[in-house]
């Protein structure tokens, strides 16, 4: 089975399946299910286990190549690139976490929460 546990794909989500596949593989890399240097899941394996079109699986894998996370070795399985974890963390910091922080700050402003109070709450929760 892919990742020791089936990748989490929600066919009812607005996010395209190929993006969900790429994000789920990134999660497997971050959690250590896939390690740098390991072979990535093949499009055939993904298609079979997720019951999707192989072209959709290939598109998800291609997105990981575009994100700089996979090494393509002609005639061989793609492998997780050395440094992939740092690339994923940087991308998530720049996009996902940034969006969440902006949303949090905007909501705090609507509620009249002062900057110092918000920082204190973040520190309390973080610790």
Leading residue by the ranking (surrounded by the most Cβ atoms within 10 Å (Cβ to Cβ)) among those in segment 6-46 that are assigned to a helix (DSSP H, G or I) and over 12 Å from the mean Cα position of the chain (by Cα) | 46
Looking only at segment 66-83, decide whether some residue is within 30 Å of residue 118 (Cβ to Cβ) and surrounded by 12 or more Cβ atoms within 10 Å (Cβ to Cβ).
-> no
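Each reported figure results from applying straightforward, stated rules to the coordinates on display, with no laboratory input. Everything numeric in this text was worked out from a predicted model, so none of it was measured. Neighbour counts run over all protein chains shown; Cβ positions are idealised from the backbone, glycine included.
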